[in-house]
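The values are calculated or read from the model by the stated rules, or taken from the named source; none is laboratory data. Since the model is a prediction, treat every value here as computed from it, not as a measurement. All Cβ positions, glycine included, derive from the backbone under ideal geometry; neighbour counts span all protein chains shown. Surface areas here come from the heavy atoms of the whole protein model, side chains and all, with no ligands, DNA or RNA. Shrake-Rupley method; radii C 1.70, N 1.55, O 1.52, S 1.80 Å.
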Amino acid sequence: MTELTSQKQAALAAIADAATLDALEEQRVAALGKKGWVSLALKTLGGMSPEERQEAAPAIQAVRAEIADAIEAKKAALEAAALEAQLASETIDLTLPAPAAPKGSVHPVSQVMDELAEIFADLGFTVATGPEIEDDWHNFTALNMDESHPARAMHDTFYFPDAAPDGGQMLLRTHTSPVQIRSMQAIAKANPGGAPMRLIAPGRVYRSDSDATHTPMFHQVEGLVIDRDIHLGHLKWTLETFLKAFFERDDIVLRLRPSYFPFTEPSVEADVGYSNENGRRVVGGNGDDPGYEWMELLGSGMVNRRVLEMGGFDPDQWQGFAWGLGVDRLAMLKYGMNDLRAFFDGDPRWLSHYGFAAVDQPTLSAGVGAGA
Ligand code: DAH
């Protein structure tokens, strides 16, 4: 037993002296490892008489526990010291500027839609929405394009293979005009026969068409005004007032040209005057400006009687005008992009160049009429 005691004394001293975790591990193996002296001492128990063993076993177990505890305590002390040393050497300079967090931007189409809503809100318009998955009744029939109407074929429509529960054909809306019908129906439900309304309906529309100036998905903003004694003069004033606020200049003139849409009668196409500034088309100006020309901007007209009826309005009581306008085109004209396809590529370089800050977003410098 004295040998065991002296071995223990020596081991405890070596454990206390261990300067590293590696050195400590060496001591653990030497004592408690398979061939360590504690393990060997335990093995001698097998050759003892029961009386001897009864005395020796608790003593050896006690030595083993003492060594194990000493190793455990030393290990914790060495680890704490290592952490201490690491903390002392790796100081963090809190005065260094942090790297900027990556920031997204507002897409020009979203920005323009916000601007549209803001301008038309000044003119008393609300913003209406409708589903992008439409049925052919709202997209065509109710807009005075029944099954045999040739204008249906001109719309390059994406149809769904399955019919709606009521048997109608489902499709991706080809224009925002069905929102006219849905909005009129909602108003007529509460006001049988109709009521005044002023709305814009911006949103996505879809056509099976793709080249430099067409993408299968694009954006339109529909406008609809219904009231008593509404005429084309209101239409021209409203759209000119909108364009002046949107492009933030007063010398903007619209020219109305006779046209045809099934849902309006009479129908007009509206052209806007533009001039050429350093090779770039700039909306506005007059005949004295270099390259002053007309550019087709939107389709419009007085709402067809049959469309009013389909919406639940009495066409002898109510008149209205409507228009449909390409939002992407509008964004390109205002912010100077020249390729429509880049709008939908999702290239972060394009977005950081043409996008708008998400916070502190610059809004129009002047509301409707402020500059007039
Ligand atoms: N829905 C038409 C289109 O996508 C645009 C349009 C023309 C809308 C005349 C109207 C309108 O509301 O009156 O081609």
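Calculated accessible area for region 2-89 comes out at 66 Å² per residue, all protein chains present (probe 1.4 Å; ligands, DNA, RNA ignored).
Straightening the chain between LEU40 and ARG53 buys 3.2 nm, computed as 0.36 nm per residue apart minus the Cα-Cα spacing.
Among the chymotrypsin sites (Phe, Trp or Tyr not before Pro) within region 190-298, those in coil by DSSP and having at most 15 neighbouring Cβ atoms inside 10 Å are TYR292. Each pair of Cα atoms in region 2-89 enters the Kirkwood radius, and Stokes-Einstein at 20 °C and 1.002 mPa s then converts it into a translational diffusion coefficient of 152 µm²/s. Less than 5 angstrom separates the built amide H of HIS219 from those of VAL205, VAL327, ASP328, all sequence-distant by 5 or more or on a different chain. Across the chain, the mean sequence separation of Cα contacts (distance under 8 Å, 6 or more residues apart), normalised by length, yields a relative contact order of 16 percent.
If you sort ILE133, ILE230, ILE67 by accessible surface, 1.4 Å probe, largest first, the order is ILE133, ILE230, ILE67. The fraction of Cα-Cα pairs per 10 angstrom bin, counted from 0 for the chain, comes to 4, 17, 21, 14, 6, 3, 4, 7, 9, 9, 5, 2, 0 percent, rounded to whole percents.
The phi-based Karplus calculation (6.51 cos²θ - 1.76 cosθ + 1.60; θ = phi - 60°) puts the 3J(HN,Hα) values of region 310-322 at 4, x, x, 9, 8, x, 7, 9, 10, 10, x, 10, 9 Hz, whole numbers, x for Gly and Pro. Projecting the Cα atoms of PHE120, ILE92, HIS107 onto the charge dipole of region 82-122, computed from C-beta unit charges around the Cα centre, puts ILE92 farthest toward the positive end. Helix 178-190 and the longest principal axis of the Cα set of the chain meet at an angle near 80°. Counting lysine pairs in the chain that sit 8 or more residues apart in sequence, or on different chains, and whose Cα atoms lie under 13 Å apart gives 4.
To put it simply, the accessible area of region 2-89 at a 1.4 Å probe is 58 percent carbon and sulfur. Between the beta carbons of ASP211 and ALA82, assuming R0 = 56 Å, the FRET efficiency works out to 0.25 to the nearest 0.05. Tell me the carbon and sulfur percent of the accessible area for region 165-237, rounded to whole percent, probe radius 1.4 Å. Answer for region 165-237 is 54 percent, counting heavy atoms of protein chains only.
Rounded to the nearest 20 debye, the dipole magnitude of region 108-371 is 180 debye, with +1 charges on Lys and Arg beta carbons, -1 on Asp and Glu beta carbons, and the Cα centre as origin.
Along the chain, the longest continuous region that contains none of the trypsin sites (Lys or Arg not before Pro) in a DSSP loop with at most 13 other C-beta atoms within 10 Å is 229-372. Charged neighbours of ILE67, selected by a Cβ distance under 9 Å, balance to +1 (K, R count +1; D, E count -1).
Evaluated at q = 0.21 Å⁻¹, a Debye calculation over the C-alpha positions of region 76-163 (equal weights, vacuum) places log10 I(q)/I(0) at -1.07. The angle between the Cα long axis of helix 108-122 and the longest principal axis of the Cα atoms of the chain comes to about 50 degrees, rounded to the nearest 10. Electrostatic bookkeeping for VAL307 treats Lys and Arg as +1 and Asp and Glu as -1; over the other residues with beta carbon under 15 Å from its beta carbon, the sum is -3. For SER267, the residues 5 or more places off, or on other chains, whose built amide H falls under 5 Å of its own are SER259, PHE261. About its Cα centre, the dipole of region 2-89 is roughly 260 debye, where the only charges are +1 on Lys and Arg Cβ and -1 on Asp and Glu Cβ.
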